[in-house]
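The values are calculated or read from the model by the stated rules, or taken from the named source; none is laboratory data. Just so you know, these numbers come straight off a predicted model, no measurement behind them. We place every Cβ from the backbone using ideal geometry, glycine too, and count neighbours over all the protein chains shown. Note: areas computed on protein heavy atoms with side chains; ligands, DNA, RNA excluded. Shrake-Rupley method; radii C 1.70, N 1.55, O 1.52, S 1.80 Å.
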Amino acid sequence: MIEYSKHIDEYSNYPHASFSKLVPFEQWGNKQLAEKYLQKYWLTAHDYLSVWKPIQDKIFIEGKRLPDLIYHTEFDIIALRGGCLFLEEDFMQLQKAMQEAGEEYFVIIQHSQAFTEGEPMFRMKFPVNITWQELTSGNYISAVLFEMSYNEYLVFSESGNWGKYSANDYDHPLDIIGFKPELASIFREQFKQPKVEQEEIREWLPQVYKALIN
């Protein structure tokens, strides 16, 4: 059985179709585009467990989610407004940071939640130089992956020097980016925030994060 076959069927007729900005309602459900996309970018269980899971465990603390600290102590942290995995603007910011850091690939691993038991979970691998148009070319698969407002994800690259936790199901949806100190100048430059926004987001954070964010 193909690992992503359930994704193709599960999401082809889905309530989110009415709310998607990436896929017009009348175009939702194109299984040919969905399957082609998953064929190209699906991360197999074997490759995840043998290659990417060990990298994930060097960045994120196993089984943790907000309000717990999810990054290991050697990572600096930036907190941003969340709500979905990526909008075009914040993907472009992260892409620039990844390119400056010399990364070739990044992966997206869906973080399990209580309500996701039994649902098909996403594991995707993309080249860092992918365009936004290609990233979102999978019809309803792209829409569910990038727009779903309550799914949570881990995003990271092969170096293990940074990661993004997309905490869309938290009280105030947050993107928390962790990075090694040697990458601080890159990530802080790409994700500059107005002072007012920083202070607002700080109020949303659990106490353990407030102590780590300048």
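Computed from point charges on the beta carbon alone (+1 for Lys and Arg, -1 for Asp and Glu), the dipole magnitude for the chain about its Cα centre is near 140 Debye. Straight Cα distances below 17 angstrom link LYS96 to the lysines LYS164, LYS180, LYS192, with same-chain residues fewer than 8 positions distant left out.
Counting only Cα atoms, the size of the stretch 4-211 along its three principal axes is 46, 34, 31 Å, in decreasing order. If one takes the longest principal axis of the Cα atoms in the chain, at what angle in degrees, from 0 to 90 and to the nearest 10, does the Cα axis of helix 31-41 lie? For 31-41 against the chain, the angle is about 40 degrees. When the solvent-accessible area of the chain is split by element, carbon and sulfur atoms take up 50 percent of it, the probe being 1.4 Å. Remark: relative contact order (the stretch 41-132) = 34 percent; criterion is Cα-Cα distance under 8 angstrom and separation of 6 or more residues. Roughly how many Å is it from the Cα centre of the stretch 47-86 to that of the stretch 151-192, as a whole number? So the separation of the two Cα centres works out to 8 Å.
Per residue, the chain exposes 49 Å² of accessible surface when a 1.4 Å probe is rolled over the protein heavy atoms with every protein chain present. Seen against the Cα atoms of the chain and their longest principal axis, helix 195-204 is set at about 80 degrees.
A protection proxy built from the mean count of other Cβ atoms within 10 Å ranks the segments 11-23, 59-71, most packed first, as 59-71, 11-23.
Label separation (LYS36 vs THR73): 5.1 nm, computed from points 7 Å beyond Cα along the C-beta direction.
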